[in-house]
Structure formats: structure tokens, C-alpha cells
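The values are calculated or read from the model by the stated rules, or taken from the named source; none is laboratory data. All figures in this text were calculated on a predicted structure; none of them were measured in a lab. Cβ sites come from the backbone with ideal geometry, for glycine too, and all protein chains shown count toward neighbours.
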Amino acid sequence: MPFHIVDGKAIKTGKVTDVYFSRTVEVLQAKGVHKRCVAEVTLKNRKADWDFGILAGVEEMVELLDGVPVDVKVLPEGSVFHPLEPVAVIEGVYTDFAIYETALLGLLCQASGVATEAARCKLAAGDKLLISFGARRMHPAIAPMIERNAFIGGCDGVAVVASAELIHEEPVGTIPHALVLMLDGVTEATLAFHEVIDPSVHRVALVDTFCDEKIESLRAAEALGESLWAVRLDTPGSRRGNLRQIIEEVRWELDLRGFQHVKIFLSGGISAEDIAAHADVADGFGVGTTISSAKVIDFALDIVEIEGQPIAKRGKWAGRKDIIRCASCGTRTVVPASRLPEHCPCGGPVEPLLVDLIEDGRPVGASKPPQAIRKRVLSQLEELRKKRETPRAGR
Ligand SMILES: [Zn+2]
């Protein structure tokens, strides 16, 4: 049996569509209705505990709509967005793009969910290391998509080889329990790793397989000395007790014996809240399911204008819109695209945030490398941190 996935061609040809869209197109074509409309992508529901999201999936959206006769404006990939802001605006003959809605929303909703959760974790981690470890919990076909968006959202590295290739980074990893079990001990496993693996790879001992984290950390440190970069605590939930005290104790014992250079890396079911609670005592975090299976962002695509006339369903604001941001006070406002103000109420100059992505089916401008997108995300997170916004999103 082949894998239960479709290839890129099936997505491009609109086969991944809810059937009601293809039937709608069939009806409109039979009736000769080829109206031009404007549709916008917004977050469906404003949630009380939701502050911001990171928009991702835009690059794949270009791949999907390349050649479809539409004009598209978007917030650039890796932009912070807020509820009710139009993150993408599509204009064209409805029957030309209707069948792409399912795939289009799927690309944006999941990628943005992953990037947003990674950003929450990065806000909690501050300058501590954050690595994506969760590919194993999701379908392997989408591992590169997940880890690419984990990276642009704020992760410093990704674990899967194919994901790292996509973003032109070196994959990051430590030692699995399997190696410690196969070689019968943390000392044996760490020494064998040190002997065999390329010296450019950090030596990180996994210190919770057989004995106490303190004992195994000291064994690994005594065996490798200066060459040991870090110890990883993957302490099972059933043995955690007070995880913070375990970390502090390991730190104390390592320092006491001259191993101040050895970092402490934490993994195993880590959430953004866990990171916030341990960021002052740990040096890095490996985050799995929290990021890889992040709750999707509930974007919806809605028609807001037909043949130049504002119109929308109940619950949606009609008319083509833009988002403006004040260069002085930073305030963001959703405004009618036909009535962009020149100044903020504070007097500062404003700039519209939506940029051209596709013009009449042709992509405009080059895509940015993931490292550049990530850098921009990190600077926006720094602004959010300064504004003391609560780092919670999507749930
Ligand atoms: Zn202002």
C-alpha cells in the first residue's frame, strides 16, 4: 500500500477540495455567473485568551496559486497578526479560485499554528536554546513543513534530516535512550558517540536511562571532561517529583566538581509553560508535541466584495480592507482599503501592512530564506515582549 498522502500535483490541480466548492463552480458555470470578487482570510473567532499569531504558509500559498488568475495581497510571511486582521486578500473571478479554498486554508492554518506555538515557546525561553523534537508525532510527509515553521517561529534548530535540508541548516540531535541501552550505560554510550561521530557535533549525554540524573551527569562529565557540551534530562513524568530541584541539584554537583561548562538541556513533554518555569535554571529545551501538533489557527476565507460592491455574510465586515500601523506609537488598525488615513490619531505617519504577493497569477518578488524570516519574527517577538503582552495564543 502506498502512503496515504497526495503529491504536489494533486494539490495544484485542486483535487484536495471540499466537494461543495467544485459543485458550486459547476453551478455558477452552468448559469454563466463569472462575477469578480474580493475574499479575505481572517481568524474566525476572537478568543479571550488569544493575543497574537505568527503568519506562516505564505510561501506554499504562492506555490498553490501560481498560475491561477488572481491578485493576492498578504501580510509578509513571519508577520505577527492579531484577531480580525485580514492576513490575505484575494481578488479574482470566484469560479477561478473557489476550488483552492480547502488547500489554501490548510496551508495557512497549520503552518501558522506551528509558527505561533514555536513563538510562544521562544518568548518563554528567551536566549536559551530551543530545538524542535516533535516530528515523530506527526505524519512524516509533513515533517519538513512542521519543522520549517517551528524554525521561523523561533526554534534555534530542528531534529529531522529532511527538515534541516529544506531550511539549509544542520540537523540537531543528542543521544537516544536506545544507544544507552544498546551499549549498557551512559559512560559507554557517550564515549562511543565521542569516538565515532564527527567532532563538529556537540557531545550531549542523556542522563536519565538507568540511574539518577545527578549520578549519570557526573559519570558523563568525568568520562568526557572538556568535550562534554551538555547533559540532557528527559526524566520520565513518573519520576519527576520536583523537576526544578533536580536541575538545580545537577547544576550544583557539576559546578562543585569543575564542570561549569556543561550545559543542562531539558526535554520530554515540555510545554511553553514548562519552559517559562525552568528558563532560569536550564540552558536549553527540546520541544516535541507542543510545537509539532500545535493547535491550528482557525482562519476562514470569506467574500467581502462582489463586482466592486461591499457585501459579506452575517458576522463578517464587508469591503476590502488593509491594516495600517503607526510608525510612532505602533498602533495597528483595520481600515477600508479605499480610505487609508495618512496619520494616526497620535499624529504619527501610518503605513499599510498588506503587500503584493501575486499579480494576475504571477508571483511578485522573491521568497525570503527561512533565516531572514526567522530573524524578523524574533525582532517582532522582542517588540511584543517590550510591550509586555502575555505570550499566549491559539487556545
Ligand atoms: Zn500613532
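Among the residues of region 364-381, is any among the polar types (S, T, N, Q), assigned to a helix (DSSP H, G or I) and in contact (Cβ under 8 Å) with a residue 12 or more places away in the chain? Walk me through how you get there before you give the answer.
Here is the first cut: in region 364-381, the residues among the polar types (S, T, N, Q) are 367, 371, 379-380.
Restricting the remaining residues to those that are assigned to a helix (DSSP H, G or I) gives 371, 379-380.
From the residues that got through so far, the ones that are in contact (Cβ under 8 Å) with a residue 12 or more places away in the chain too are 371, 380.
Taking every residue of region 364-381 in turn, at least one turns out to be among the polar types (S, T, N, Q), assigned to a helix (DSSP H, G or I) and in contact (Cβ under 8 Å) with a residue 12 or more places away in the chain.
Does residue 258 meet the test of being at positive phi and assigned by TED's automatic domain parsing to the domain that holds residue 186? Criteria met by residue 258. Among the residues of region 68-84, is any closer than 17 Å to residue 360 by Cα, assigned to a loop (DSSP other than H, G, I, E, B) and not hydrophobic (A, V, I, L, M, F, W, C)? Yes, region 68-84 has at least one match. When we screen 188, 169, 195 for residues that are among the acidic types (Asp, Glu) and under 30 Å from residue 63 (Cα atoms), the only hit is 169. Exactly one residue out of 243, 254, 266 is touching a strand residue (DSSP E or B) at 6+ places or on another chain (Cβ under 7 Å) and surrounded by 20 or more Cβ atoms within 10 Å (Cβ to Cβ), and it is 266.
The residues listed here are 164, 159; of these, the one that is within 19 Å of residue 263 (Cα to Cα) and either crowded, with 22+ Cβ neighbours inside 10 Å or in contact with a strand residue (DSSP E or B) (Cβ under 9 Å, 6 or more places away or on another chain) (or both) is 159.
Only one of the numbered conditions (1) surrounded by 18 or more Cβ atoms within 10 Å (Cβ to Cβ); (2) over 26 Å from the mean Cα position of the chain (by Cα) is not met by residue 297, and that is (2).
Please tell me if residue 302 is assigned by TED's automatic domain parsing to the domain that holds residue 43, closer than 19 Å to residue 85 by Cα, more than 13 Å from the ligand (Cβ to nearest atom) and in contact (Cβ under 8 Å) with a residue 24 or more places away in the chain. Lay out the reasoning, then the answer.
Values: assigned by TED's automatic domain parsing to the domain that holds residue 43: yes; closer than 19 Å to residue 85 by Cα: yes; more than 13 Å from the ligand (Cβ to nearest atom): yes; in contact (Cβ under 8 Å) with a residue 24 or more places away in the chain: yes.
So residue 302 passes the test.
Being within 13 Å of the ligand (Cβ to nearest atom) and among the small types (Gly, Ala, Ser) is the filter; apply it to region 316-369 and report the residue that is modelled with the lowest pLDDT. Write out each step before concluding.
Filtering region 316-369 down to residues within 13 Å of the ligand (Cβ to nearest atom) leaves 324-333, 341-351.
Of the ones still in play, those that are also among the small types (Gly, Ala, Ser) are 327-328, 330, 347-348.
Numbers: 327: 93, 328: 93, 330: 90, 347: 94, 348: 95.
Per the criteria, the residue is 330.
The set of residues in region 195-213 that are buried (at least 17 other Cβ atoms within 10 Å of the Cβ) and part of a helix (DSSP H, G or I) contains only 213.
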